[in-house]
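To start, the structure under review is shown below, and the notes come after it.
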Amino acid sequence: MNETASLRARAEIDLAALRANVRVLRARAAGAQLMAVVKSDAYGHGAVPCARAALEAGATWLGTATPQEALALRAAGLGGRVMCWLWTPGGPWREAIEADIDVSVSGMWALREVVAAATEAGIPARIQLKADTGLGRNGCQPADWPELVAAARDAEDAGTVRITGLWSHFACADEPGHPSIAAQLALFRDMVAHAEKQGVDPEVRHMANSPATLTIPEAHFDLVRTGIAMYGISPSPELGTPADFGLRPVMTLIASVALVKQVPAGHGISYGHHYTTCAETTLGLVPVGYADGIPRHASGRAPVLVGGVVRRIAGRVAMDQFVVDLDGDEVEIGSEAVLFGPGDRGEPSAEDWAQAADTIAYEIVTRIGARVPRVHLHATPAES
């Protein structure tokens, strides 16, 4: 029995596929640098191994949401440019500055805090000013942009910050032709032009996320930020499948069948008996549930490959387990139940699960919980 066969469940992470995806995305944006976004533990794939694989494949930046995620990359020995963008008052500004992390600034409160931390540390902070060009989340509104730029330039002249980037984020890049795309691009160009007229000389200007990297070349600027596409998932099924873009899914989620038993017709399955057997049949117990990140709202709908056949979950997903109706087939206990993967064995995809759960594939891979071990395959000596 191999090492992984004894695991209750595992998420196999194909680092060779990730490296290949990074190379495909770099080719899509050949004139720009590539930021590998490894927030939320690399969308559930394991931040440090994925970051190392992405850098090996040519990524020049790493991106995280929180400063804690960025600091964890530094603690793991990862060098190069790292950026984080989701800050709250009192955040670890000084630690980030001392770790040479680029920090995003969306408003005056953040600029004041980062300047104070840089003064205390005696090291200029690397900051990137974020413009809200229409997404309506983080970022500085156009009306407030002149004040923020002027204050940042004053801090730069005083030697407490270095403005390394100007950036924004799309609202609807996954909807080709949406009018907001052109509007946001035009506004971003205007806001960049204003900053540059005030003396800002950024290392990078960036706006493109995964869908924009794949479909909006005029949005590539100096740097593209690739998240979900790097993990081999299409940012929108309407844009195309992963294969359409030359991408390969990186995560395969597998569990070991824990029990197989025969039951009579009319037997209720799982909580609430939302599924009842139509005839005498065999059932297979798959020992993962919503505590592992399996969406309960995919109950009765999500597909699973068991015994070479794609079957549907029978009844409700419970906290630690769910059941599939094997339709009388005999499956060995310990056999693999493949929830999703690249499809090499006919298994479902993360997108299939997303459709069953009325969500997006981003959520399916990212929500897989910590008690499902990640098994990283095809690591190079430099990544081990």
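Nothing in this text is a laboratory measurement; each read-out follows from the coordinates by a stated rule. Since we're looking at a predicted model, the values are computed, not measured. Neighbour counts are summed over all protein chains in view; Cβ atoms, including those assigned to glycine, are modelled from backbone coordinates with ideal geometry.
Here the Gaussian network model covers the chain, with springs between Cα atoms less than 10 Å apart; of Trp85, Trp93, Trp109, Trp109 fluctuates the most.
Derived from the Cα gyration tensor, the three semi-axes of the equivalent ellipsoid of the stretch 212-258 are 28, 12, 7 Å, largest first. Here the Gaussian network model covers the chain, with springs between Cα atoms less than 10 Å apart; of Pro142, Pro264, Pro217, Pro264 fluctuates the most. In degrees from 0 to 90, rounded to the nearest 10, what is the angle of the helix 145-157 Cα long axis to the longest principal axis of the chain? It is inclined by approximately 70 degrees. The stretch 116-140 and the stretch 297-334 have Cα centres spaced 48 Å apart. For the chain, the Kirkwood radius over C-alpha pairs fed into Stokes-Einstein at 25 °C and 0.890 mPa s yields D = 109 µm² per second. Backbone amide hydrogens, once placed in the peptide plane, bring Thr133 within less than 5 Å of His169, excluding anything fewer than 5 places away on its chain. The slack between Asp244 and Glu147, meaning 0.36 nm per residue of separation minus the straight C-alpha distance, is 30.5 nm. Could you compute the FRET efficiency for Ala258 and Val375, with r as their C-beta to C-beta distance and R0 at 22 Å, rounded to 0.05? About 0.70, to the nearest 0.05.
Between amide H atoms placed 1.01 Å from N, distances below 5 Å from Leu62 occur with Ala36, Arg81, Val82, Met83, all of them 5 or more places distant or on a separate chain. Three semi-axes describe the equivalent ellipsoid of the stretch 251-344; taken as square roots of 5 times the Cα gyration tensor eigenvalues and ordered largest first, they are 19, 16, 11 Å.
Placing one equal scatterer on every Cα of the stretch 193-305 and applying the Debye formula, the log10 ratio I(q)/I(0) at q = 0.16, 0.19, 0.20 Å⁻¹ is -0.90, -1.05, -1.10. In this structure, the amide hydrogen of Arg301, modeled 1.01 Å from its nitrogen in the peptide plane, lies closer than 5 angstrom to those of Ile313, counting only residues at least 5 positions away or on a different chain. By how many degrees, between 0 and 90 and to the nearest 10, does the Cα long axis of helix 108-121 differ from the longest principal axis of the chain? Here the helix axis deviates by roughly 80 degrees. With the helix formula -39500 (n - 2.57) applied to DSSP H stretches of n ≥ 4, the chain reaches a computed 222 nm mean residue ellipticity of -8500 deg cm²/dmol. The Cα atoms of the stretch 68-200 give a gyration tensor whose axes a ≥ b ≥ c have a/c of 1.5 or more with a/b no greater than b/c, which makes the shape oblate. Converting phi to 3J(HN,Hα) with the Karplus coefficients 6.51, -1.76 and 1.60 and the offset θ = phi - 60°, the stretch 89-102 yields x, x, x, x, 4, 4, 4, 5, 4, 5, 8, 6, 9, 6 Hz in sequence order, with x at every glycine or proline.
Over the stretch 110-153, the pair-distance histogram of Cα-Cα distances with 10 Å bins from zero comes to 26, 48, 23, 4 percent, rounded to whole numbers. Applying both filters, DSSP loop and at most 16 other Cβ atoms within 10 Å, to the GluC sites (Glu not before Pro) of the stretch 1-87 gives Glu3. In the stretch 312-384, the ratio of gyration radius to Kirkwood radius, Rg to Rh, stands at 1.01 when only Cα atoms are counted. Scalar couplings 3J(HN,Hα) for the stretch 261-267, obtained by applying the Karplus form with A = 6.51, B = -1.76, C = 1.60 to θ = phi - 60°, are 8, 9, 9, x, 4, x, 8 Hz; x denotes Gly and Pro.
Taking every C-alpha pair closer than 8 Å and separated by at least 6 residues, the mean separation divided by the residue count of the chain gives a relative contact order of 18 percent. Taking a quarter of the surface of the Cα convex hull of the stretch 2-141 gives a mean projected area of 10.8 nm².
With the simple model of a label 7 Å out from the Cα in the direction of the Cβ, Arg301 to Ala279 spans 2.8 nm. 3J(HN,Hα) along the stretch 341-357: x, x, x, 4, 9, x, 6, x, 9, 4, 5, 4, 5, 4, 5, 5, 9 Hz, from the Karplus curve 6.51 cos²θ - 1.76 cosθ + 1.60 with θ = phi - 60°, whole Hz, x for Gly and Pro. Just so you know, the Cα atoms of the stretch 20-72 work out to an Rg and Dmax of 10.9, 31 Å. Extending 7 Å from the Cα toward the beta-carbon at both Ala121 and Ala171 defines two label points whose distance is 3.4 nm. Label-to-label distance, Ala16 versus Ala30, with points set 7 angstrom from Cα along the beta-carbon direction: 2.7 nm.
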